[in-house]
Amino acid sequence: MDSIFVNLVSGFAVFLAMVSGSAEALVLKFAPFALLLEMPLYLLTWLGVMHYLWRRHTHPPAEIPYYPRVTCICNAYAEGRDVQYSIRSLLEQIYPGHIELLLVLDGAVANRATYDAIKELMPQFGGGANRSVRFIPKPQRGGRVSATNTGLLYATGEIVMALDADTSFDNEMVAQAIKPFADPHVVAATGPLRARNGQKSMITRFQAVEYMLAIYLGKVGLAEWNLINNLPGAFMIYRKSILDHVGGWNTGTGEDLDLTLRVKQYLKRHPELKLVFAPGAVAHTEVPDTFAAFYKQRLRWDGDLSYIYFRKHWQAFSPMIGWRNFIGSTWYGLLFQIFLPILQVGFLAWMLLFQPAPFFIGTMLLIYVFYLTITVLQFLLFLALLSERPAQDARYFWVLPLMPLFMVSARVWSVIATFHEWFNRAHQDSPMGPWWVIRQGGPR
């Protein structure tokens with residue numbers, strides 16, 4: 001016990017020495033990871049946010065009377081009665097144009113509870129002349145891609161939204177999401193994705209903050225430079241013409257990133273095309289409410305990144321997608337999302353195994369302070385300049401001191417997921433569809 005106390009005190013002394021600038025080892029080993037791979041992305045994002053606010057102030061968007069027909073494909077599987085939250089939020093949209101709601105239930109025979117929940121709402125489906133609802137139960141499960149493509153076959157809207165049935169929406173989501181498409185060069189969009197159950201547990205609070213900073217603030221900033229890396233699967237908005245052009249969604253896992261990259265391959269030949277972020281189009285999704293469920297989800301998400309980048313779309317990392325997107329995808333996709341966690345975990349393992357305990361503790365304290373500072377700055381920027389619910393979001397402020405620990409655990413798990421995909425081809429056992437569909441639908 002005394003030795004632990006001595007190491008902690010010594011570690012704090014090392015931390016103070018590092019802050020004073022005497023830690024050459026840290027500068028040589030840790031600083032390059034942050035300064036060369038992370039900080040440029042943070043600065044680019046912050047500059048993008050400032051540019052967005054300046055542009056909105058100096059050139060307010062014109063209110064163009066543009067109300068195209070919109071198809072909302074709502075993918076349901078095993079949500080049970082929770083599917084009604086999503087359906088009701090879509091039925092209550094405030095939008096003067098026509099909304100076509102396609103409710104696709106994948107595996108209807110096995111998911112009787114979800115089927116009954118949808119049928120219970122059917123008396124409410126009747127509405128005005130500019131609303132139409134169609135329930136499409138698929139008897140056999142084919143997976144998320146199969147359900148979305150089934151909806152696409154029936155879609156008649158100029159704009160197609162692919163939405164998850166565990167996600168609900170603000171009443172003006174459709175109206176806000178459609179505004180950017182008045183520009184004929186906009187081919188795809190997404191909006192803020194919030195944690196609907198953010199106050200349920202500690203892990204949902206972590207994810208609520210993560211979604212505010214990574215999906216909301218991050219995409220606002222990157223969209224200013226036309227560098228959105230991915231349109232999340234729970235909330236994808238595309239022109240139907242571009243979906244028809246690329247053939248819809250491909251079978252396999254990571255279908256949202258796969259589709260985004262396939263659309264981006266047209267940007268070299270058509271540099272005027274844009275993927276945008278619509279800050280007013282707010283969605284609320286259910287996030288995992290236990291640590292076990294969270295890590296299970298991220299094992300799939302982070303593994304799918306490696307599957308898409310290294311197995312399915314390795315050829316996309318070339319100037320053929322345009323130099324801007326090539327640099328952005330390489331920096332954000334490969335370096336930041338995959339190789340940075342590997343470098344950081346390797347560095348921490350080396351420190352733990354080969355450096356004295358006080359030096360390791362001091363280094364961890366410095367890393368903690370670095371990421372806490374970044375997190376607080378980003379949260380304050382988001383709260384002051386972007387949040388449409390500042391009072392509600394401010395309730396998460398007390399979570400910020402724990403966010404660096406959450407980020408470290410997520411990055412360690414990301415490394416595990418990456419190697420799991422590399423060595424075990426984990427994408428072939430994805431829960432996003434039956435194995436006979438997943439394994440036949442993509443690279444081995």
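The values are calculated or read from the model by the stated rules, or taken from the named source; none is laboratory data. Bear in mind that the values here come from a model prediction, so they are computed numbers and not experimental data. Cβ sites come from the backbone with ideal geometry, for glycine too, and all protein chains shown count toward neighbours. For the accessible areas, the whole protein counts, side chains as well, though only heavy atoms, and no ligand, DNA or RNA atoms are used. Shrake-Rupley method; radii C 1.70, N 1.55, O 1.52, S 1.80 Å.
Any idea which of (1) open to solvent by less than 10 Å² (accessible area, probe 1.4 Å); (2) under 23 Å from E255 (Cα atoms) is the one I118 doesn't satisfy?
(2) is the only condition that I118 fails.
Just checking, how many residues over the range 387-426 are hydrophobic (A, V, I, L, M, F, W, C) and open to solvent by less than 40 Å² (accessible area, probe 1.4 Å)?
Quick first cut of the range 387-426, residues hydrophobic (A, V, I, L, M, F, W, C) only: 391, 394, 397-400, 402-403, 405-408, 410, 412-413, 415-417, 419, 422-423, 426.
If we keep only those that are open to solvent by less than 40 Å² (accessible area, probe 1.4 Å) as well, we get 399-400, 403, 406, 410, 415, 417, 426.
Qualifying residue count, the range 387-426: 8.
Of the residues R194, R134, only one is of a type in the set (K, R) and buried (at least 18 other Cβ atoms within 10 Å of the Cβ); which?
Numbers: R134 fails: buried (at least 18 other Cβ atoms within 10 Å of the Cβ).
Of the residues listed, the single one that is of a type in the set (K, R) and buried (at least 18 other Cβ atoms within 10 Å of the Cβ) is R194.
Would the range 370-386 turn up any residue that is farther than 17 Å from A214 by Cβ and open to solvent by less than 60 Å² (accessible area, probe 1.4 Å)?
yes
Find the residue count for the range 266-283, including only residues that are open to solvent by less than 60 Å² (accessible area, probe 1.4 Å) and over 21 Å from A195 (Cβ atoms). Even if it seems obvious, please write down each step before you answer.
Just the residues of the range 266-283 that are open to solvent by less than 60 Å² (accessible area, probe 1.4 Å), to begin with: 266-267, 273, 275-283.
Narrowing the set further to residues that are over 21 Å from A195 (Cβ atoms) leaves 266-267, 273, 275-276.
Going through the range 266-283 one residue at a time, the tally reaches 5.
So which residues in the range 150-205 are out of contact with any His (no Cβ under 9 Å at 6 or more places or on another chain) and aromatic (F, W, Y), if there are any at all?
Selection gives Y154, F181.
Which condition from (1) buried (at least 18 other Cβ atoms within 10 Å of the Cβ); (2) modelled with pLDDT of 95 or more; (3) out of contact with any strand residue (DSSP E or B) (no Cβ under 6 Å at 6 or more places or on another chain) is the one that T71 breaks?
Among (1) buried (at least 18 other Cβ atoms within 10 Å of the Cβ); (2) modelled with pLDDT of 95 or more; (3) out of contact with any strand residue (DSSP E or B) (no Cβ under 6 Å at 6 or more places or on another chain), the lone unmet condition for T71 is (3).
Quick one: how many residues across the range 284-294 are over 13 Å from G198 (Cβ atoms) and either touching a Leu at 6+ places or on another chain (Cβ under 7 Å) or assigned to a loop (DSSP other than H, G, I, E, B) (or both)?
Here the count works out to 1.
Of all the residues that make up the range 224-251, how many are in a helix (DSSP H, G or I) and open to solvent by 20 Å² or more (accessible area, probe 1.4 Å)? Even if it seems obvious, please write down each step before you answer.
First pass over the range 224-251, keeping only residues in a helix (DSSP H, G or I): 240-246.
Add one more test, that the residue is open to solvent by 20 Å² or more (accessible area, probe 1.4 Å), and what stays is 240-241, 244-246.
Qualifying residue count for the region: 5.
Residues to consider are G80, G107, G97; find the one that is over 18 Å from R134 (Cα atoms) and either touching a helix residue (DSSP H, G or I) at 6+ places or on another chain (Cβ under 7 Å) or surrounded by 16 or more Cβ atoms within 10 Å (Cβ to Cβ) (or both). Step through it out loud before you land on a result.
Numbers: G107 fails: over 18 Å from R134 (Cα atoms); G97 fails: over 18 Å from R134 (Cα atoms).
When all the criteria are applied, what remains is G80.
Has the range 297-317 got any residue that is modelled with pLDDT under 80 and aliphatic (A, V, I, L, M)? Talk me through it step by step, then tell me what you get.
Step one: list which residues in the range 297-317 are modelled with pLDDT under 80, which gives 313-317.
Subset that is aliphatic (A, V, I, L, M): 316.
Yes, the range 297-317 has at least one match.
For the range 53-61, state whether one or more residues are among the charged types (D, E, K, R), open to solvent by 40 Å² or more (accessible area, probe 1.4 Å) and in contact with a strand residue (DSSP E or B) (Cβ under 9 Å, 6 or more places away or on another chain). Spell out the reasoning first.
Of all residues in the range 53-61, those among the charged types (D, E, K, R) come to 55-56.
The next check asks that each one be open to solvent by 40 Å² or more (accessible area, probe 1.4 Å); those that pass are 55-56.
Now restrict to residues that are in contact with a strand residue (DSSP E or B) (Cβ under 9 Å, 6 or more places away or on another chain): none.
Among the residues of the range 53-61, not one is among the charged types (D, E, K, R), open to solvent by 40 Å² or more (accessible area, probe 1.4 Å) and in contact with a strand residue (DSSP E or B) (Cβ under 9 Å, 6 or more places away or on another chain), which makes the answer no.
Only one residue in R196, R205 is in contact with an Asp or Glu (Cβ under 8 Å, 6 or more places away or on another chain) and not β-branched (V, I, T), so which one is that? Explain how you work it out, then say what you get.
Details: R205 fails: in contact with an Asp or Glu (Cβ under 8 Å, 6 or more places away or on another chain).
Going through R196, R205 in turn, just one is in contact with an Asp or Glu (Cβ under 8 Å, 6 or more places away or on another chain) and not β-branched (V, I, T): R196.
Would you call A182 without any contact (Cβ under 8 Å) to a residue 60 or more places away in the chain and open to solvent by 30 Å² or more (accessible area, probe 1.4 Å)? First the steps, then the outcome.
Details: without any contact (Cβ under 8 Å) to a residue 60 or more places away in the chain: no; open to solvent by 30 Å² or more (accessible area, probe 1.4 Å): yes.
Against the criterion (without any contact (Cβ under 8 Å) to a residue 60 or more places away in the chain and open to solvent by 30 Å² or more (accessible area, probe 1.4 Å)), A182 does not qualify.
Being within 30 Å of T290 (Cα to Cα) and modelled with pLDDT of 95 or more is the requirement here; does T204 meet it?
Working: within 30 Å of T290 (Cα to Cα): yes; modelled with pLDDT of 95 or more: yes.
Here the answer is yes, as T204 does meet what is asked.
State the number of residues belonging to the range 142-160 that are among the polar types (S, T, N, Q), open to solvent by less than 10 Å² (accessible area, probe 1.4 Å) and part of a loop (DSSP other than H, G, I, E, B). Please lay out each step first, then the result.
Step one: list which residues in the range 142-160 are among the polar types (S, T, N, Q), which gives 146, 148-150, 156.
Retained after the next criterion (residues that are open to solvent by less than 10 Å² (accessible area, probe 1.4 Å)): 148.
Next, from what is left, pick out any that are part of a loop (DSSP other than H, G, I, E, B): none.
Counting residues in the range 142-160 that are among the polar types (S, T, N, Q), open to solvent by less than 10 Å² (accessible area, probe 1.4 Å) and part of a loop (DSSP other than H, G, I, E, B) gives 0.
Within the set of pairs 6 or more residues apart or between chains, which connect a residue that is under 20 Å from R311 (Cβ atoms) inside the range 400-421 to a residue that is of a type in the set (S, T, N, Q) with Cβ atoms less than 8 Å apart?
If the second residue must be of a type in the set (S, T, N, Q), the pairs left are S414/Q337; A417/S306; T418/S306; E421/S306.
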